[in-house]
Amino acid sequence: MQIKFCGAAREVTGSCHLLTTRQAKILVDGGMFQGSNFSEGKNHDDFPFDPKEIKAVVVTHAHLDHVGRLPKLVRQGFSGRIYLTKATAELAVLIWQDAFQIMKENQEKYATPLLYSESDIAAAAAACVGVDYEQSKEVCPGIEVCWHDAGHIFGSAFLEIQAEGKTVIFSGDIGNENVPIVRDTVQLPPSDYLVLESTYGDRLHESVDQRQKILLDLIVEGAKKGGTIMMPAFSLERTQEILYELNFLSEHQNKLPPIPIYLDSPLAISALPVYRRYQEYYDEGARELVLSGDDFLDFPQLKVTRTREESKKLNNQPGAKMIIAGAGMMNGGRIVHHAFHHLSDPASTLLIVGYQAEGTLGRRLYEGAKTVKIFNEEVLVHCTVKAIGALSAHADQAKLLAWVGKGAGRLKQIFCVHGEAHAATELAHRLRDHYPSVEALVPEYLEEFEL
Ligand code: ZN
C-alpha cells in the first residue's frame, strides 16, 4: 500500500492524501489551499492523480481546507461515493455553497475563475453517504474505515483505515482540550501508521480555565472603548463555541457588557439548525443545557444579520458593538469589510481566535502590521489587536503528544502534516524524543511512501 501527500504537506491548508492499495485508490479529504487569495492559484491546477481512478473519498470534517476541492474532483470525473459523518455531510454542502458565493463575488470584482459550478456542488452532495461514529464501513473492496470523534468541530472525525492487514490513522484536525459542545477526542487506537496534523505542533495554548476569563476581559475592555469589537471566526469552527461561551457569560453569569453582538455570517447562521439537529453529538455540558431548556446558541444580546444590506448597515452604526464574521483568516467574506471600516479606529478591537495561515490578512494583522492593503487601498491599523490561542479549535503540542502516547505502542511511522514546516518539524522532533521507537517524518508535497 502506498500513501501520497497531495496537499497540507509543510503547510496548513489543502488536505488531500491518496491511499493506493492493491485493489483500489481512495482519497482522504480533498481540501482547498488557502492563502492571500480566497481560492489560491494551486486549487486550479489538475489533481496529481486521475480523479476517474479514485474509487471513494473519506472525509474527516467539514472545514474548507479539508472538503473545498471535492466538487472540483466530481467535475473532473470522480464518480464514486464520498463517506463522512451525517453532520459533516450537511455542513460540507453549506461550506461549498458559501465558498461558491465568495468565488462568484471575487469573479465579478477581480475576474478570478470559479473552481466549480453549482451543479458540481449538487453532484458532490448527491455522492455523499452519511455514516455514524464508531461504525466500520467497507468503502471499497478490502478497505474498511471507522470514524472516531476528533473533538475538533461538529461532526469531526479521525479515520481508522484497515487495509492489507495494516491500520493507518488519519488524524484530520484534533480538537483542543474541553472544546464546548463537541465531545473530547477519542483515544488513539493501536495502529501501524499515523498521519498527524501539526497546526500548533510548536506551540502551547493558554490554560483552558483561563479561556472564558480572557474572552470576557477583552470584551469588557473593548466595550469600554466604545468601538467595534471584530472577531474573525471560522463559521464552522469557533463561531458556535464562542456563542456557547457568550451565552454562558450572559445568561448564567450575567457578566457580559450590554452591547449588541452581531452574528454576521450567513454560513454560521445556516449551520445553527445542523447543530440543533444532531444532539447525539453533544458533550455532557451541552446536553445538560439543552435538557434544562437553554438554547446555548442564543441569548438576548445576539442579533443575526443574514443579508448583505443588514451587514452593511453595521458600518455606520454608532456605539460599542461586537461583530462575529467570517472568513476566519480574513482572506474573504464580510469580516474584510468590517476590517476596512474599523482597523484605523483606535476605539475598535480585533480579536483573533483562530489559526491564521501564512499570506492571509489575518496573519499580517496577527504579526503586528501597521498598515494593510484592503480592496486595493492602504488601511492604517490603529485599533487594538489581540489573539487568544486557547480559543483555537486545534490541539496544542502537549495535547498532540499525549494523544499519540495512548496509541504509540505499535506505531512504526508518523507523518506530520497540516502544519507549516517549522511547526511540523518541531512536532516531529518532540515525537522522536517521546517515542524513540517511532519514526516521525515531515513529508513534502507529492512525496510518496510505501506502507
Ligand atoms: Zn479543521
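Annotations for the structure displayed:
- Descending by average beta-carbon neighbour count within 10 Å, the peptides 251-260, 380-389 line up as 380-389, 251-260, the highest first.
- Evaluated at q = 0.22 Å⁻¹: base-10 log I(q)/I(0), Debye formula over Cα of region 1-61: -0.90
- For the chain, with +1 on Lys and Arg beta carbons and -1 on Asp and Glu, the positive-most of Leu215, Thr228, Val58 along the dipole: Thr228
- The packing ranking of peptides 96-106, 325-335, highest mean first, is 325-335, 96-106, where packing means the average number of other beta carbon atoms within 10 angstrom of each residue.
- Calculated from backbone phi, Karplus (6.51, -1.76, 1.60) coupling profile of region 187-203 in Hz, x at Gly/Pro: 4, 5, x, x, 7, 9, 9, 9, 9, 10, 5, 9, 3, 10, x, 10, 9
- All aspartates and glutamates inside 15 Å of Lys137 as judged from Cα atoms, apart from same-chain residues fewer than 8 positions distant: Glu160
- Region 208-391, accessible surface, carbon-and-sulfur percent (1.4 angstrom probe): 51 percent
- Debye log10 I(q)/I(0) for the chain, one point scatterer per Cα, at q = 0.08, 0.12, 0.14 Å⁻¹: -0.43, -0.99, -1.36
- Region 281-289 - phi-based ³J(HN,Hα) in whole Hz, Karplus 6.51/-1.76/1.60, Gly and Pro as x: 8, 5, 7, 4, x, 5, 5, 4, 4
- Positive minus negative residues near Phe5 (Lys, Arg vs Asp, Glu; Cβ under 12 Å): -3
- At 1.002 mPa s and 20 °C, Stokes D of region 307-451 from Kirkwood alpha-carbon radius, µm² per second: 118 µm²/s
- Rg and Dmax of region 66-126, based on Cα coordinates, read 11.8, 36 Å.
- Expressed as a fraction of 2.2 N^0.38 Å, the value expected for a compact globular protein of N residues, the C-alpha radius of gyration of region 175-215 is 1.48.
- Region 25-155: C-alpha gyration tensor shape, a/c 1.5 cut-off, then a/b vs b/c: prolate
- Lysines with Cα under 26 Å of Lys386, excluding same-chain neighbours fewer than 8 positions away: Lys213, Lys224, Lys225, Lys255, Lys303, Lys312, Lys313, Lys321, Lys370, Lys373, Lys399
- The chain, helix-only ellipticity at 222 nm - DSSP H runs n ≥ 4, -39,500 (n - 2.57), divided by all residues, nearest 500: -9000 deg cm²/dmol
- Debye intensity ratio in log₁₀ form over the Cα atoms of region 138-251, taken at each q of 0.21 Å⁻¹: -1.21
- Peptides 65-76, 3-14, 175-186 ordered by packing proxy, namely the average of other Cβ atoms within 10 Å per residue, highest first: 65-76, 3-14, 175-186.
- Plainly put, region 95-179 has a radius of gyration that is 1.11 times its Kirkwood radius, both from alpha-carbon atoms, as the Rg/Rh ratio.
- Couplings 3J(HN,Hα) for region 237-242, derived from phi with the Karplus relation 6.51 cos²θ - 1.76 cosθ + 1.60 (θ = phi - 60°), are 10, 7, 3, 5, 6, 5 Hz, where x marks Gly and Pro.
- The chain, dipole about Cα centre (Lys/Arg Cβ +1, Asp/Glu Cβ -1), debye to the nearest 20: 720 debye
- Residues whose placed amide H lies under 5 Å from that of Val304, excluding near-sequence neighbours: Leu263
- No Cys partner within the rule (Cβ under 4.7 Å), the chain: Cys128, Cys140, Cys146, Cys383, Cys416
- Amide hydrogen neighbours beyond the local backbone of Phe415, cut-off 5 Å, H modeled: Leu194, Val195, Leu196, Leu441
- Averaging the Cα positions of each part gives two centres, and for region 331-357 and region 95-149 these lie 28 Å apart.
- Distance from region 265-320 to region 401-423 (C-alpha centre basis), Å: 35 Å
- Think of a 1.4 Å ball rolled over the protein heavy atoms: the chain then has 38 Å² of accessible area per residue.
- Here the Kirkwood formula puts the hydrodynamic radius of region 208-391 at 16.7 Å, using every distinct Cα pair.
The values are calculated or read from the model by the stated rules, or taken from the named source; none is laboratory data. Keep in mind that this is a model prediction, so the values were computed, not measured. With ideal geometry, Cβ positions are generated from the backbone for all residues, glycine too; neighbour counts draw on all protein chains shown. The accessibility values were calculated without ligands, DNA or RNA, using every heavy atom of the protein model including side chains. Shrake-Rupley method; radii C 1.70, N 1.55, O 1.52, S 1.80 Å.
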